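Take a look at the structure set out below.
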Amino acid sequence: YHFFERMNDVIQHFEISNQHIQEVSPGKGNWLVLKDTTKEEQEEIIKNYRLPQNIFVGGNHAEEVSRLEPLENTALNNSYALGVTNLSAEKKEQIEERLEPLIFIISDSLLITHVGKESTFIDRLLEKYHEKIHTFAELISYGIYMLYTHYIEELLEIKKDIDELDVAARKTTENDALFKLADTERKIVYLDHTLADQKSTLNGLWENESFIQDLNDSKLVYDIQLHQKHAEKLIHIYRDLLETVGGLFTDMMDNNLNHLMKYLDSAALIISIPALISGIWGMNTGGLPGKGSSIGFFMVVGVAVLLAIIVAVHLNRKDFSK
């Protein structure tokens, strides 16, 4: 009893029609939304519709592979699976936590959607586009359009971080700036691989004649492809910019290290002159000038200091860049 009671809580039932989308009671409707389901609950869905055993594997992992594959021997007519990845708006979380795999199981009479734990994707999709969605193809297409909007918004925020890092690289090499550089590079890596992986999947979807016919909206397809190209261009530009900023940080650290070594080497050379003179006059061999004079010590110190000052002035005026 408790199992089926929980099934009613984690599985939402909707009816998608030409007029509207509305939530219906369990056992009715043509769209099932699986959210935060356990392994046991997923196995029950798999058993009921004779789906592949691994259909939901990786559904909560950022590294889930994007895919478009036909499903054979299921209880659903003309079924196939589409896997894409959304980017949540929870900016305080790490990029791995923000990437949400979405799995759509599409058939003639039923659409099953699996979303990750605590995902708000479906709620936001219905809030923005419920009046425009009348078919499975429209729901999936507007979902893809929305997730690419999320990627573009995130990339534009990353551009601001890159600009700040570029300014910081010219002024400082402090730990905070380097930590921010590492975090930004981590975001770029995940987003770059996700978008590249998703590209071939969506290209296959646009070549699916059945899907395009059901959608029957060439303008929406064009808008999605435009968003897709925009996101891919941004990720390529920002990845190269970030590499440039990272190189600038490295060059600045090398430059600072060179200046430090120049200072230390010059200081060591200046100190070595008094040390050399004091070492020679400290020899216990006799015959050294000033040995029997009461002012001999001060003469040696004066000569050592004078030579050290002369060498210091010379080193300060010398241009080591030539």
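The values are calculated or read from the model by the stated rules, or taken from the named source; none is laboratory data. Since the model is a prediction, treat every value here as computed from it, not as a measurement. No Cβ is skipped: glycine too gets one built from the backbone with ideal geometry, and neighbour counts run over all protein chains shown. Surface areas here come from the heavy atoms of the whole protein model, side chains and all, with no ligands, DNA or RNA. Shrake-Rupley method; radii C 1.70, N 1.55, O 1.52, S 1.80 Å.
Of note:
- For His20 and Lys91, the FRET efficiency from 1/(1 + (r/R0)^6), where r spans their Cβ atoms and R0 equals 35 Å, is about 0.60.
- Qualifying trypsin sites (Lys or Arg not before Pro) for region 20-58 [loop in DSSP, other Cβ within 10 Å: at most 10]: Lys28
- Residue among Ala182, Ala312, Ala231 with the largest mean-square fluctuation in a Gaussian network model of the chain, springs linking Cα atoms under 10 Å: Ala312
- Degrees separating the helix 175-206 axis from the principal Cα axis of the chain, which is the longest one: 30 degrees
- Long-range HN-HN contacts of Thr85 with modeled amide H, under 5 Å: Leu102
- Gaussian network model of the chain, springs between alpha carbon atoms under 10 Å - residue of Tyr80, Tyr222, Tyr151 with greatest fluctuation: Tyr222
- Between Arg50 and Ala75, the built amide H atoms are under 5 Å apart, and every one of these is 5 or more places off in sequence or on another chain.
- Residue-span extension gain [Glu40 to His130] - 0.36 nm each, minus C-alpha spacing: 29.3 nm
- Summary of packing: across the peptides 14-25, 185-196, the per-residue average of other C-beta atoms within 10 Å ranks them, highest first, as 185-196, 14-25.
- GluC sites (Glu not before Pro) within region 87-156: DSSP coil, no more than 15 neighbouring Cβ in 10 Å: Glu90, Glu93, Glu118, Glu131
- Between Lys117 and Met261, the FRET efficiency estimated from the beta carbon spacing at R0 = 45 angstrom works out to 0.30.
- Per residue of the chain, the DSSP helices (runs of n ≥ 4 H) give a summed -39500 (n - 2.57) that works out to -20500 deg cm²/dmol at 222 nm.
- Per residue, region 50-196 exposes an accessible area of 49 Å² to a 1.4 Å probe, with every protein chain left in place.
- Reach of Lys180 by Cα under 17 Å, taken over aspartates and glutamates that are not fewer than 8 positions away in the same chain: Glu93, Glu96, Glu154, Glu157, Asp161, Asp163, Glu164, Asp166, Asp240, Glu243
- Set of aspartates and glutamates with alpha-carbon distance to Lys28 below 13 Å, sequence-local pairs under 8 removed: Glu15
- Residues in region 47-74 reached by a label modelled at Ser210 [backbone nitrogen below 18 Å; 7 Å Cα→Cβ]: 49-52, 67-74
- Charge dipole (Cα centre; +1 on Lys/Arg Cβ, -1 on Asp/Glu Cβ; no other charges) of the chain amounts to roughly 2000 debye.
- In order along region 68-73, phi translates into HN-Hα couplings of 9, 9, x, 10, 10, 6 Hz, rounded to whole numbers, per the Karplus curve 6.51 cos²θ - 1.76 cosθ + 1.60 with θ = phi - 60° and x for Gly and Pro.
- Translational diffusion of the chain, estimated by Stokes-Einstein from the Kirkwood radius over alpha carbon pairs at 4 °C in a medium of 1.567 mPa s, is 52 µm² per second.
- FRET efficiency, Ser272 to Asp166 (Cβ-Cβ, R0 56 Å, nearest 0.05): 0.85
- Residue pairs, from the table Lys92/Lys187; Lys91/Lys199; Lys91/Lys171; Lys160/Lys187; Lys47/Lys117, whose Cα atoms sit over 19 Å apart: Lys91/Lys199; Lys91/Lys171; Lys47/Lys117
- The phi-based Karplus calculation (6.51 cos²θ - 1.76 cosθ + 1.60; θ = phi - 60°) puts the 3J(HN,Hα) values of region 211-227 at 5, 5, 5, 5, 5, 6, 8, 5, 5, 5, 4, 4, 5, 5, 5, 5, 4 Hz, whole numbers, x for Gly and Pro.
- Think of the chain as having a plus end and a minus end, set by charges on the Cβ of Lys, Arg, Asp and Glu; of Ala75, Leu248, Ile212, Leu248 sits farthest toward the positive end of this dipole.
- Tensor-based shape of region 107-213 (alpha-carbon gyration tensor, a/c under 1.5 rounded, otherwise prolate or oblate): prolate
- Angle in degrees between helix 39-49 and the longest Cα principal axis of the chain, rounded to the nearest 10: 40 degrees
- Ranked order, Met253, Met146 - accessible area, probe 1.4 Å, largest first: Met253, Met146
- Net length gained if the chain between Asn48 and Asn60 were fully extended (0.36 nm per residue, minus Cα distance): 2.1 nm
- Computed in the context of the full set of protein chains, the accessible area of region 6-53 at 1.4 Å probe radius has 40% of its extent on carbon or sulfur.
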